[in-house]
1. Given the options 383, 390, name the one that is surrounded by fewer than 17 Cβ atoms within 10 Å (Cβ to Cβ), out of contact with any Pro (no Cβ under 6 Å at 6 or more places or on another chain), assigned to a helix (DSSP H, G or I) and among the acidic types (Asp, Glu).
2. Among the residues of region 311-327, is any assigned to a helix (DSSP H, G or I) and modelled with pLDDT of 95 or more?
3. Quick one: count up the residues across region 582-602 that are closer than 17 Å to residue 325 by Cα and crowded, with 20+ Cβ neighbours inside 10 Å.
4. When residues of region 561-608 are filtered for being outside any loop (DSSP other than H, G, I, E, B) and either of a type outside the set (S, T, N, Q) or in contact with a Pro (Cβ under 6 Å, 6 or more places away or on another chain) (or both), how many remain?
5. For region 214-246, how many residues are within 19 Å of residue 101 (Cβ to Cβ) and free of Cβ contacts under 8 Å to residues at least 24 places away in the same chain?
6. Enumerate the pairs (first residue in region 395-406 and within 15 Å of residue 342 (Cβ to Cβ) and in the same structural domain as residue 566 (by TED's automatic domain parsing); second residue anywhere and part of a loop (DSSP other than H, G, I, E, B) and modelled with pLDDT of 95 or more) with beta-carbon separation below 8 Å, excluding pairs fewer than 6 apart on the same chain, so at least 6 apart or on different chains.
7. Counting only residues that are in a helix (DSSP H, G or I), more than 28 Å from residue 438 (Cα to Cα) and of a type in the set (A, V, I, L, M), how many does region 459-499 have?
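The values are calculated or read from the model by the stated rules, or taken from the named source; none is laboratory data. Not measured: the values here are computed from a predicted model. Cβ sites come from the backbone with ideal geometry, for glycine too, and all protein chains shown count toward neighbours.
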Amino acid sequence: MSPELIHAIKGRMTCHSSMPYIILLIFSFFFFISKSAFSDYAIAYGYTPKYPKNFSNFDYVNPGAPKGGHLDLNGSRTFDRLNPYLLKGVSADGVDGLIFETLMEQSLDEPYTFYGLLADDIAIADDGLSVTYHINPKAKFSDGTPVTVEDVKFSFDTLMTDKHVHPAYKITLGSIKEAKIINSETIKFIFKEKNAKLPMLLSSYLSVFPKSWVGNMEFKETAMKKPIGSGPYILESYDTGKKLTFKRDVNYWAKDLGIRKGMFNFDKIVYKYFRDSTIALEALKAGEYDFRHEYNSKMWARDYTGRVFKSNEIIKNNIPHHNSVGIQGFIMNTRKPIFSDKRVREALVLAYDFEWANRMLFYNQYQRNDSYFSNTELAASGEISDHENELLKPFAMTLDPSVFEKAWTPPSTIAPSSLRQNLRKAIKLLKLAGWEYKDGALRNDKGLEFRFDLILSQKAFERIAASYARNLKKLGITMEYRTVDFALYKRKVETKDFDMIVSSYPQSQVPGNELQSRWHSKTADVDGSANYPGIKNDAIDALLEKLSDTTDRTEIIALTRAMDRVLLSEFYLIPHWYISTHRIAYWDKFEFPNILPEYFSAEGWMLSTWWFKPEYRTKDSSDTH
């Protein structure tokens, strides 16, 4: 993924985040599940896990990495809560992952394998209707108390039933009927219906917190309560909206496990919050923090300059990744009458000139999104297959005929095409939808002017919006764009109180329940869901439900390609771009393993596997293990 604002819109990505649109970013293909395909210490669909039971360490880490040092990072501009699971407010960076842990965790050099963390044993029922975990008796919270099955059940019940929790948990794990304690070390999760993906989702998505942390309080009252978790770090101090300091737990229970050996090597991690990206970049140059993942192409091309770069005190690098990418774009809110007509939405797609933007604004760093599953075999392409046709045939009366033809490709301005040609097509579509140019503006039969607002969460996107607004003006359309406070932006997005936004749908090669939060009719009117456009489409609903109920790779590919054809034909967004590298800059203080994992987020990789050079480690580090 490489959007200009993905981290502002979706929140900072780490390889331990629990949000569904982050934990499902990095898979490469799906596997058929069978009894022989998983072992009791790991889950892998269709093949044997790469690492044996009681393995010593992942190949992409240095098991002897030295501990020590004080790492400074830039935060996501603000925070007003420490509890990462609540809907209201902006969560602090790092809490989920550095402090809270999950039952199992995915390796970064296998497409889709999970190894035991809080749970050291897993058994999937032969009928596929339940999964049972044995909790590692060594697992402890940072206060020294053991992680118990009661804590696991309490965490699950809270996330699934508390009305103040982000609805993504209820949506993604909604097919689980109950969590049932079997004995003091074993807990079973019973499913409402067979769903092969649930053991994976549950294993990596259910963060566990101690029941005692909540106590007799309402869960929302823990918003600013110092969190207690089982992870490698403890929250040492914080200044709301300004700074967070995490201290490495030298008594961390899992530090000798193969899944953790050689990882989390910094004694302290401090997040510092800056007002905007420009200030944050200058702070990097001044040595205020150590590492930055850049999302802005202009800044990457023009602003990473100066003495510290010439001297290689700060290293600037493009790190290639093999992560799947999804789609980013200007998303139209179809709940608003102005965007309710598909012909209008298609016209707005025609008005966007990607080639000009890539050349003049992005320094040719990007590729065009042409699918909701860009850069994967899941993307629709060419003529529709017989399998896809069979899936879509029951909805032929309600689907655009183009769905059954060649897959849609974004309009281009490369000769012999041109922006002028595309705008002419747009004018025809707008006229068919009842919009004509009169009295200096595009108006409907009631004389109302075609105008709408695009809200942004960061000023860096204003130059992109400006070029698009100029093209729309040629059609008589007025698009007002403005950058708003991030907390206000988040609230408007959560409640769907917007005309147009910039957002993205990161993808994996193993799509599942998370897509229902994005595109199923049942989530269109749910606050906090990722169904930003307000999609209500019977064909999409049916395909999503089939997708959740299959483990056959051929079927999954056909389903996503069919879904892609429908989504693209409805023009819910104006597709943007993606990049296949991580653009990172860091002070020359670090060392890292020689082997790069296949699937990783930039900051998550750094946090979990890097370490300081000798001269930057604290001499009095209390744990050299």
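1. Answer to the check: 390.
2. no
3. Matching residues across region 582-602 total 7.
4. Number of matching residues: 29.
5. 0
6. Matching pairs, first to second residue: 402/408; 403/384.
7. Total meeting the criteria: 4.
Let's see how each residue does on (1) touching a strand residue (DSSP E or B) at 6+ places or on another chain (Cβ under 6 Å); (2) among the hydrophobic types (A, V, I, L, M, F, W, C):
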site: 533; (1), (2): yes, no
site: 545; (1), (2): no, no
site: 554; (1), (2): no, no
site: 568; (1), (2): no, yes
site: 584; (1), (2): yes, yes
site: 588; (1), (2): yes, no
